[in-house]
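Below is one structure, written out as structure tokens, with a few remarks after it.
The values are calculated or read from the model by the stated rules, or taken from the named source; none is laboratory data. Nothing here was measured: the structure is a model prediction, and the numbers come from that model. Counting neighbours? That spans all protein chains shown, and the Cβs are built from the backbone with ideal geometry, glycine included. All accessible areas refer to the heavy atoms of the entire protein, side chains included, with ligands and DNA or RNA removed. Shrake-Rupley method; radii C 1.70, N 1.55, O 1.52, S 1.80 Å.
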Amino acid sequence: MNPKAASKKRKAITRDVEEEAGVFSGDELSQDNLDGALSDNANELSESEDESDDSDFEVVDDFSDSEDGEEELDSDEIPSDTEEDRKPAPGEPNVRIVKDANGNDRYLYDEIHPDDNSEYSEADENANTIGDIPLKFYDEYPHIGYDINGKKIMRPAKGEALDALLDSIEIPKGWTGLTDPATGKPLELSQDELELIRKVQMNEVPSDGYDPYEPLVEWFSSQKEIMPLSAAPEPKRRFVPSKHEQKRVMKLVKAIREGRILPYKAPEEKDEKEEEIINYDLWADEAERPDHVMHIPAPKLPPPGYEESYHPPAEYLPDSKERKEWEQMDPEDREKDFLPNDFGSLRRVPGYESFVQEKFERCLDLYLAPRVRRSKLNIDPESLLPKLPSPEELKPFPTACATVFRGHKGRVRSVAVDPTGIWLATGGDDGTVRVWELLTGRQLWSAKLSDEDAINVVRWRPGKDAVILAAASGDDIFLAVPPIVDPEIEKASLEILDAGWGFAASKPAPSASEEGKKNNPPTWIRPSSTLLDAGVCVVIPLKYVPKSISWHRRGDYFVTVCSGASTPASVAISIHTVSKHLTQFPFRRRLKGGGPPQTAHFHPSKPILFVANQRSIRAYDLSRQLLVKILQPGARWISSFDIHPTSSSASGGDNIIVGSYDRRLLWHDLDLSQRPYKTLRYHRKAIRAVKFHPSGRYPLFADASDDGSLQIFHGSVTGDMLSNATIVPLKVLKGHKITGELGVLDIDWHPREAWCVSAGADGTCRLWM
Amino acid sequence: MSEDQIMSGASEAAQRQVRVQLTSQQEDIALPESTGPILVPTGLRRYALSTLVNNLLSSEKPIPFEFLINGTFLRTSIDEYLIDNGISAETTLEIEYVRALIPPLHIASFQHDDWVSSTDVLSTTSPAASWASGATVKKGQERLLSGSYDGLLRIWNMSSETIATSPAATEGGHTASIKATKFVSPNQIASAGLDRTVRLWKYTEDEGGFAGKIAPQLELYGHKSGIESLSVHAKSNRLLTGSSDHTVGFWSTKKADAPAAPESLLPSSARNSKRRKLNSSVSTAQRGPLSLLSGHTAPVSAAIFDAKDATVGYSASWDHSLRTWDLVTGGLVDTRTTSHSLLSLEHLPELNLLAAGTAARHITLIDPRASATTVAAMTLRGHTNAVVSLARDPHSTYGLISGSHDGTCRIWDIRSTKTDKEGVIGESVYSITRKSLEEEGKADSKRVGGEGVKVFSVCWDKTIGIVSAGEDKRIQINRGEGVLSSKA
């Protein structure tokens, strides 16, 4: 048996013994044995511990538990036994009682080793050792005592002698009498240093600017700060238990003890109540269904990629340009409804911002989802629109302002391009009629017809054989030959105007009875000499204000309408014959319904006169003196109308456009209906004038409105009776300023080109080409 | 085939390079035949290319060049051009170079009392001087002629002094606005206007050249409406006018040649109203037209002689047509109908093209020859209002200047074109705005319809430069700085 095994065996035995001893024997015995056993086997114990089974440990535990703390303490202190002799535990009296030779107790005090902490200091070697005797004993000697080595301590120099000495020495400022060890020179202290030393001596804080009496900042006060200095949670030691709560708790405890409160209720009772609210699981019975037209399974979403990560790789992050592009895109057009965003860490990820919105949209989807199968008509909405040619194909039409005619003071009320297309005549509020060079905007002729009244309308006589301009101002109509034409035409024009003088003279003078009648036709008179010089040849004095002039195609007749409400119905519409200087009033009575007449036009080819009052347009056959047709455009107040120039010649029927003050532009096909074929409402304000392009070459028409704009339309009429007119809006021409609620007052077309001229309330006319 | 490697810098050496073949149609600046394709960095721009060509030509004085690639002026670097046009850098680029047109600078403006409708120049290089038989024009004695809406002709020297003014209406002058005027010779002037007459004037100048006199010589009656344009062929003493009465007038400047004036058109035969008090106190010989060529159905806006053959006349009209006339017989030779009203006309003889300015804001180039298949060979776009005046570039057969109612004159090089869906489209090289607009501090502001700044007439002379007249009551002279020196 090797020693190890033997010791092991012994140990086991001792243990057993110990156990038994612990139970049966006294403390001392077991203590001694134990001490020895443990100290002997100290090395082996650590080794054997690995091998020993659990029961061994349990035994030990049991044992140690049963023992008092005394033994433990002993065993712990075994290694430090030797030290205990030298060094007493703090607080223990540093005295040992030793038997002396006589057998008496002898108190041996430990030597005191004053360490750094000790209050004892080493004796000053130079201290006076004379003890407690008065110093005056040494008055006679030069010394005052002895130091610890027995050397004399010499008496320090007395005040007087010192003073005398000091007085005899001149001390430099800051002299200390010390030597600076660093330099070897006398150490001199500056004032600041001296002050510093003083402060040190006075136990003050030596640094400058320190205020010892600063007001106290109460960092830690009873007040609760919004931002506390420390983020540490309140320590538990500050917790002051509430007495009230204690009472309540105690009450509860008491109640529980007495069984009045049962802390764990039986859960069965709850279930019965909750059964009343039934939560449905929509997808509970969801089963795989085969693919079908009416069943579209939810698409399987791909697993989220890097982009969806809260911390995607840098290449997935959009740069500022991409971000901007994404933000500017319409939400519906976006490829993804989110932008990859780097939050750095998961805890920085904010709440889902569009949570509420998304929830709302989902609910909306569910709400709006059709519950009935609906068969949807799959028609391209484009195909329902009429096929209109694009404006590009319908060129030319006026697109831009080419010339501005500036000169009129106040509004320009009327504008007309002469039949040759070289000149433009305008009339305005300033009472002047002006003729301009059309292309350059140069004023060629101006005549002031009236000082008070505005020129309401100017119209050129159609036909190229003569140049005659009719203008209405106040109650009068003026026929003028502007001095801009060559002598031959001027002569011809004058002849046309002058021919009637003789006819008028030869006419029998009106009888007295006729003279008394109200609707006595006016006689044409010669103008005043100033007007004659200006070029005016004939004046027709009507008694009421004519607002519209319209020439017959042949240039011998023109019709004027006095649209004022006070005008008697019998004289409101008058037809003037230039060759006879004759004015006739064809209508005796008021037109039935629709208020006073507004404007009138001759049919371009047939002997038909169209008269518009506020709500209807009537067509009268002049040769048969019959009412042919009544049109009801449906407008509340007709401002103007125009007859298609090729009406009845190219096509079977007449086409008329009507503009109204209630913002409507109406196209009438006379053969179709007395109601408008088309109603165009594109203007914001009243339409003042409408006009067809006079030549058949361009199927254009235009309107002028108080909103300051002109609109150009394509309106082609075909000879085919079955096909309707094509109307295409082409262009809105803006440029006229709105002045006093009025925009564009009149419009006219160039006789050949697709150019139009507008008269504006801002005092300008504009040529658009 | 020699290949020159042009390394203009270590940094550019790494760049892409492209092979270019530099050509020129002008003999004096053409590269020697041996110069083959050159490898150049694609980063080069016009200036660098210009320097390169100057180096190759080893010209003493650098000549600025412009570069045309496929009919387009190079305005970017070659690289950008290649990318824009999708051309591979491996192809050989055909680059044609021409003398650069230096931007025309404003030289002077001469203020008038009224709108200036027409202008002409008299200088050593002007057509009037070349036709001069007796008097010649001295260098430095250039004269400007202007016809104004107030009915007066004015002769200016180059230091903005009026040397002579035509007499007023009562003394034999125009009774209405002048619309066109031209020097026939250094001492004869023709003018026409809204008073339906063409007037010939004798212009005399005193020795110092500081004063002159315009005396009425001949009045030509025949048109029944305002005359819009006037063209002169002094060698054959013929005038061509276009009038609003739809006719083209063909006149002689010789009193002896001209037939008698039609009685009905003389002012004395007009109505006996007392407001006809403009009867001139000076009696001038009155004559009629050699012929009135009718055929147009709308006002004739321009009538010109063929630049090579004075027996051929061209006229442009508002009726959209351009007509060729045989002036000897007075017969209509050809009619070319376009789609817009034509307002001005100029002949480019070397290219056999007629440039016509339209009311639709562009210039149409028309080949008048019978063999031409298409009506419009090319369209020059850029103006924003009617183009009412055209003039040839005296330096280049490809150059053209146009004056428009939008208040600008534009210089065109018809080589600088691109092909569009509407055909061949040209773009202007330079645009000259009115100085009056700049002086008002509204150079950038756009006038609606060119109001107040419309250009009515433009004239381009080798010596004087570009002279334009307009609604701002000025004639304005612009000149390309250095153009003269490089051509001298």
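Side notes on the structure shown:
- Residues satisfying the stated conditions in region B:73-98, i.e. open to solvent by 50 Å² or more (accessible area, probe 1.4 Å), of a type outside the set (A, V, I, L, M) and not in a loop (DSSP other than H, G, I, E, B): B:E80, B:D84, B:N85, B:T92, B:E94
- Number of the condition not met by B:L122 [criteria: (1) more than 18 Å from B:S416 (Cβ to Cβ); (2) modelled with pLDDT of 80 or more; (3) not assigned by the TED database to the domain that holds B:K308]: (3)
- Residues satisfying the stated conditions in region B:206-258, i.e. within 14 Å of another protein chain (Cβ to nearest Cβ), among the small types (G, A, S) and over 25 Å from B:V137 (Cβ atoms): B:G222, B:S225, B:G226, B:G242, B:S243, B:S244, B:G249
- Set B:T397, B:T373, B:T379, B:T329: member being in the same structural domain as B:T419 (by the TED database), out of contact with any helix residue (DSSP H, G or I) (no Cβ under 8 Å at 6 or more places or on another chain) and touching a residue at least 40 places away in the same chain (Cβ under 8 Å): B:T379
- Subset of region A:721-743 that is touching a residue at least 12 places away in the same chain (Cβ under 8 Å) and over 44 Å from the mean Cα position of the chain (by Cα) - its residue that is farthest from the other protein chains (Cβ to nearest Cβ): A:M721
- Of all residues making up region B:1-41, the number that are over 20 Å from B:N54 (Cβ atoms), assigned to a loop (DSSP other than H, G, I, E, B) and either among the hydrophobic types (A, V, I, L, M, F, W, C) or modelled with pLDDT of 75 or more (or both): 3
- The single residue among B:A391, B:A360, B:A370 that is open to solvent by 20 Å² or more (accessible area, probe 1.4 Å), away from every other protein chain (no Cβ under 12 Å) and not polar (S, T, N, Q) turns out to be B:A370.
- Considering (1) in contact with a Gly (Cβ under 9 Å, 6 or more places away or on another chain); (2) open to solvent by 100 Å² or more (accessible area, probe 1.4 Å), the lone condition that A:D285 does not fulfil carries the number (1).
- Search result, residues across region B:285-315 that are open to solvent by less than 20 Å² (accessible area, probe 1.4 Å) and under 16 Å from B:G226 (Cβ atoms): B:H296, B:A298, B:P299, B:V300, B:S301, B:A302, B:A303, B:S315
- Within region A:705-759, the only residue that satisfies the criterion of being farther than 19 Å from A:I656 by Cβ and among the aromatic types (F, W, Y) is A:W755.
- Only a single item in (1) hydrophobic (A, V, I, L, M, F, W, C); (2) more than 21 Å from B:R16 (Cβ to Cβ); (3) open to solvent by less than 40 Å² (accessible area, probe 1.4 Å); (4) at pLDDT 80 or above is not met by B:L105, and it is number (3).
- Filter result for A:L377 (without any contact (Cβ under 8 Å) to a residue 40 or more places away in the chain, outside the structural domain of A:L730 (by the TED database) and under 37 Å from the mean Cα position of the chain (by Cα)): no
- Cβ separations smaller than 8 Å between residues 6+ apart or across chains give the following pairs from region A:744-769 residues that are farther than 16 Å from A:T399 by Cα and more than 10 Å from chain B (Cβ to nearest Cβ) to residues that are among the polar types (S, T, N, Q) and surrounded by fewer than 24 Cβ atoms within 10 Å (Cβ to Cβ): A:V744/A:S709; A:G760/A:T739; A:A761/A:T739; A:D762/A:T739; A:G763/A:T739.
- Counting only strands (runs of 3 or more DSSP E) wholly contained in region A:711-760, the ones carrying 2 or more residues that are under 17 Å from A:V415 (Cβ atoms) and either out of contact with any Leu (no Cβ under 6 Å at 6 or more places or on another chain) or of a type in the set (G, A, S) (or both) occupy A:744-749, A:756-760.
Quick grid of which residues meet (1) within 26 Å of A:Q632 (Cα to Cα); (2) within 60 Å of the chain's Cα centre (by Cα); (3) open to solvent by 60 Å² or more (accessible area, probe 1.4 Å); (4) among the basic types (K, R):
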residue	(1), (2), (3), (4)
A:I525	no, no, yes, no
A:I549	yes, yes, no, no
A:T560	yes, yes, no, no
A:P568	yes, no, no, no
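- First in region A:176-199 and within 22 Å of A:L166 (Cα to Cα) and outside any loop (DSSP other than H, G, I, E, B), second anywhere and among the acidic types (D, E) and at pLDDT 75 or above, Cβ under 8 Å, 6 or more apart: A:T176/A:E188; A:P186/A:D180; A:L187/A:D180
- One residue stands out in region B:153-199 among those that are among the β-branched types (V, I, T) and in contact with a Gly (Cβ under 6 Å, 6 or more places away or on another chain): the one that is surrounded by the fewest Cβ atoms within 10 Å (Cβ to Cβ), namely B:I163.
- Within region A:414-443, if we keep just the residues that are out of contact with any Gly (no Cβ under 9 Å at 6 or more places or on another chain) and aliphatic (A, V, I, L, M), the residue that is nearest to the other protein chains (Cβ to nearest Cβ) turns out to be A:L439.
- Filter result (touching a strand residue (DSSP E or B) at 6+ places or on another chain (Cβ under 6 Å) and at pLDDT below 90) within region B:307-319: B:A307, B:A310
- Test: residue in region B:131-147 that is farther than 26 Å from B:L345 by Cβ and open to solvent by less than 10 Å² (accessible area, probe 1.4 Å): no
- Odd one out for A:K387, checked against (1) modelled with pLDDT under 90; (2) assigned by the TED database to the domain that holds A:P729: (2)
- Test for B:H320: is it open to solvent by less than 20 Å² (accessible area, probe 1.4 Å), under 16 Å from A:A754 (Cβ atoms) and either outside the structural domain of B:L218 (by the TED database) or more than 20 Å from the chain's Cα centre (by Cα) (or both): yes
- Among the residues of region B:297-311, just one is of a type in the set (S, T, Y) and more than 12 Å from every other protein chain (Cβ to nearest Cβ), namely B:T311.
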